[in-house]
1. Has region D:9-22 got any residue that is open to solvent by 50 Å² or more (accessible area, probe 1.4 Å) and acidic (Asp, Glu)?
2. Before we move on, is residue A:41 open to solvent by 50 Å² or more (accessible area, probe 1.4 Å) and charged (D, E, K, R)?
3. Quick check on my filter: what residues within region A:110-143 are part of a loop (DSSP other than H, G, I, E, B) and either modelled with pLDDT under 95 or within 30 Å of residue F:100 (Cα to Cα) (or both)?
4. Among the residues of region E:22-57, write down those that are within 18 Å of residue E:68 (Cβ to Cβ) and among the β-branched types (Val, Ile, Thr).
5. Can you name every residue in region D:34-44 that is within 9 Å of chain C (Cβ to nearest Cβ) and among the hydroxyl-bearing types (Ser, Thr, Tyr)?
6. Only residues in region B:153-179 that are over 20 Å from residue A:161 (Cβ atoms) count as the first member; pair them with residues that are hydroxyl-bearing (Ser, Thr, Tyr), Cβ under 6 angstrom, at least 6 apart or cross-chain, and list the lot.
7. Which of the following residues is open to solvent by 20 Å² or more (accessible area, probe 1.4 Å), within 13 Å of chain E (Cβ to nearest Cβ) and either in contact with a helix residue (DSSP H, G or I) (Cβ under 7 Å, 6 or more places away or on another chain) or within 25 Å of residue E:149 (Cα to Cα) (or both): F:134, F:126?
8. Could you go through region B:60-72 and let me know if any residue there is open to solvent by 10 Å² or more (accessible area, probe 1.4 Å) and within 11 Å of chain A (Cβ to nearest Cβ).
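The values are calculated or read from the model by the stated rules, or taken from the named source; none is laboratory data. No experiment lies behind these values; they were computed from the predicted model shown. Using ideal geometry, Cβ is built from the backbone for each residue, glycine included, and neighbour counts are taken over all protein chains shown. Accessible surface areas use protein heavy atoms only, side chains included; no ligands, DNA or RNA. Shrake-Rupley method; radii C 1.70, N 1.55, O 1.52, S 1.80 Å.
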There are 6 protein chains.
Amino acid sequence: MALALEPGQLSLQNEAYFEKCREKLGFVPNVLTSYADDDAKLSAFAAFYNDLMLAPSGLSKLEREMIAVAVSSVNRCYYCLAAHGAAVRQLSGDPVLGELLVMNYRAAELSARHRAMLDFAVKLTETPHLIGEEDRAGLRRAGFAERDIWDIGAVASFYNMSNRMASAVDMRPNAAYHGQAR
Amino acid sequence: MALALEPGQLSLQNEAYFEKCREKLGFVPNVLTSYADDDAKLSAFAAFYNDLMLAPSGLSKLEREMIAVAVSSVNRCYYCLAAHGAAVRQLSGDPVLGELLVMNYRAAELSARHRAMLDFAVKLTETPHLIGEEDRAGLRRAGFAERDIWDIGAVASFYNMSNRMASAVDMRPNAAYHGQAR
Amino acid sequence: MALALEPGQLSLQNEAYFEKCREKLGFVPNVLTSYADDDAKLSAFAAFYNDLMLAPSGLSKLEREMIAVAVSSVNRCYYCLAAHGAAVRQLSGDPVLGELLVMNYRAAELSARHRAMLDFAVKLTETPHLIGEEDRAGLRRAGFAERDIWDIGAVASFYNMSNRMASAVDMRPNAAYHGQAR
Amino acid sequence: MALALEPGQLSLQNEAYFEKCREKLGFVPNVLTSYADDDAKLSAFAAFYNDLMLAPSGLSKLEREMIAVAVSSVNRCYYCLAAHGAAVRQLSGDPVLGELLVMNYRAAELSARHRAMLDFAVKLTETPHLIGEEDRAGLRRAGFAERDIWDIGAVASFYNMSNRMASAVDMRPNAAYHGQAR
Amino acid sequence: MALALEPGQLSLQNEAYFEKCREKLGFVPNVLTSYADDDAKLSAFAAFYNDLMLAPSGLSKLEREMIAVAVSSVNRCYYCLAAHGAAVRQLSGDPVLGELLVMNYRAAELSARHRAMLDFAVKLTETPHLIGEEDRAGLRRAGFAERDIWDIGAVASFYNMSNRMASAVDMRPNAAYHGQAR
Amino acid sequence: MALALEPGQLSLQNEAYFEKCREKLGFVPNVLTSYADDDAKLSAFAAFYNDLMLAPSGLSKLEREMIAVAVSSVNRCYYCLAAHGAAVRQLSGDPVLGELLVMNYRAAELSARHRAMLDFAVKLTETPHLIGEEDRAGLRRAGFAERDIWDIGAVASFYNMSNRMASAVDMRPNAAYHGQAR
């Protein structure tokens, strides 16, 4: 049972943001409505999220979604696996890849770049206190620049927050995600 | 060895923010300078962080710092333990409390409210997939309202991000923290 | 890369079994072809499997498939999650239930009977040495008879074998499973 | 307290099997009597078990028993450690080896072949989702053929089932095992 | 391969102690010879050990040996399981009890007193940071006095040292232990 | 709430020992008063401890204290972290080093010798059953002699005892430690 917070008054900017979601996706993702009892928190979350997942980066949007799913699989987050699993299926055009990352990314046939990227993200998720210089060196050997390492770390870290927030307040994914891009 | 990202051009707003840090704290926390190669990321992070830790809430600022330290202790994050351990010592006026939360919060003599709050934050950190309705019910029995549960979840989740970001790029705490409020 | 064992000569009985699979399912499940280099092993496995999953029992076929998926989720077995996730979607007519059991069965809204059944199966999977009389008593309180407890134990135990066999030899699920009953 | 299932009517074939056990071992192993309330399940289990442990294989019978004990030690299965520990003592003529595999196989002075075999079996037991191509390559380097890798995987997987079944229904080993071949 | 430390010159007192071992046990336990390159360390260890295991206590000598085995089973210490398993068999006159504590003490049919005692010892071994007042209260309910709680804690803690020392330097048990009191 | 054992009659030798503590440290460490209800146990503990931490060794006193803190950090022992963290700050003249070892020794910039020493101590603490010849070989490569390996093992093992004893009876550190050598 999700927390019962009353939706608050949205600013014009956030009303417009929700409207844009409805146009593009057909619905407002439940993670956003869950923040909607507090307009300032919604704005801060949305700005942070949009920079992370959509701003220019050495990582493609698909790569950022792949990290999201691999991390959420470790944390067994229902909300994020449903939403970002759909995104991987959509962006990759490969419905099986989305499934595989939900189940066990090690069973997927990944490029060396993607395997290194997900190995780092998963180690950072499971045992952050063991991450050291040799792990960053591994990313460099796989071709990632310093800024890319930051971005891999930032996306993996963000979903460690988001997975836990979803569990803390029992966020439920929009039903639409399940059937997308199968 | 921390990532070597070149500091970028800061906006006037962020320049002013750094200046305010220097006035109030005597230094700019290294977490902020680590974001300073990308002004947009710095702004998004700072807005998100300041809402979380400083905005009005059913949780006091000390309580939010206590959660930060208990979570960072599980993840063994050097940066966050140094910085937020200092904050607990300062806000509580109890240097031993700061130490205890770094070492093992279960050894501290806490009120039932604080024990319930930290038990939830630590379970959310260690096994987010096991958090369920009975855990939220436990917080309600300890006197927390729905909005407070959100805030406990949000602070605990944030430090699960922040701890990992610090590990990913090897952030180092400012030397000033260690001696503060002993 | 799966083991490269040469398919052997099948007995008439096993040829007929494969033919029946092709008729009913449209394909022979890869787990069966993986045993097909040794007719005796294939026969022993098929007999054991069919008794377990299809013979009369106090557990419905859907319930046995639910246990298969919950156990395979703990062990992160790609083959079994793909194949038995499809079976749960099909038998339940509820595509979301299949997804949920793959991701985190605790997030599903289950009857008390099903929650008790899966809690037992997952504890038996994760920490078999901690299973004791109080766990069996819990199943009895949820309405399960002695024979049902045996069957829950037997199905959960079987998938702990099957998950590991699939990992040991890198079994790959038939592509058909992914799109079934979405 | 073991499950109280009524023994059922045995087929002539299974009566003969029990009689052969009494002649050769002096008793019917309790695992078999525990299946004896359902003649079909007993037959399926016995056929599967006998193929696994007694059929021709690149692994000797002792090697299969060594895997059984190392896996059962991880899962702390009293029944299997008692029964298969006795088998290792008997087949090896080395009572200390049986003890060592029960306690910690890493303390035994094993050939490179046996160490590789048990390392694979134990990793497959503890973290099946981490088994990958490099683990199979390790077995090949230790001299194992493809079919042997299957057999190591099959025996290790089987005891992951059997250990859990014994825990689920609280199977108790026959008293005779304890003193055998000391 | 055990550490190769040269045996040193023993004091008369320690010579006499070794002689007494030979008379009573037929051999000097290897743990004592492993300390014999440094007479002062041997004296300190022997005094500490003998007070712990032999001095008057609310715990019988058998109970102290039971704790030794249960703790050593968690840590999978070959030396201590061989030596103290033999002691439990001898002191209890029950060879199966010794086996059971090596394999999984939860499978033994223990009095409420002994179950509480071993549950505390094992929790103290696995997760010392989680031991709290409620665990001590459990021991009091099972009839243990304050001094007994100290002694349970002291014996369990000692074997957490001893198990690790044996692993650190690869101590090997005297061959005589294996066959004793079967 | 610590155990309430009545202080007993101390021998002259132990009275003198306490007096010497008061002179040198300004107080008697609470670990010693906790043993003071039984003069024989106090003597045995003190003799064992003083040999371990103060006798000549290839390890400096600071190195022994570093091991004490790294081990106590794994076990999250409040008493030992407070007392030995202070000792590291004092002996090293580096207050930050003491903090770092409490929080996460892997974040400290250590010599290869010290990193190898603490890696061994921490592995011995977390997974003693996995310590093998290759771990001792690692210490030899870092320049440690056989006797040093014994001493590293002995100190790490001792704090695995001491941490658990402190948890078992809820020992509390003297208040004086917290402010020392900051």
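1. Checking region D:9-22: at least one residue is open to solvent by 50 Å² or more (accessible area, probe 1.4 Å) and acidic (Asp, Glu).
2. no
3. Of everything in region A:110-143, those that are part of a loop (DSSP other than H, G, I, E, B) and either modelled with pLDDT under 95 or within 30 Å of residue F:100 (Cα to Cα) (or both) turn out to be A:127, A:131, A:132.
4. Scanning region E:22-57 gives a single hit, E:31.
5. D:34, D:43
6. B:173/B:79
7. Exactly one residue qualifies, and that residue is F:126.
8. no
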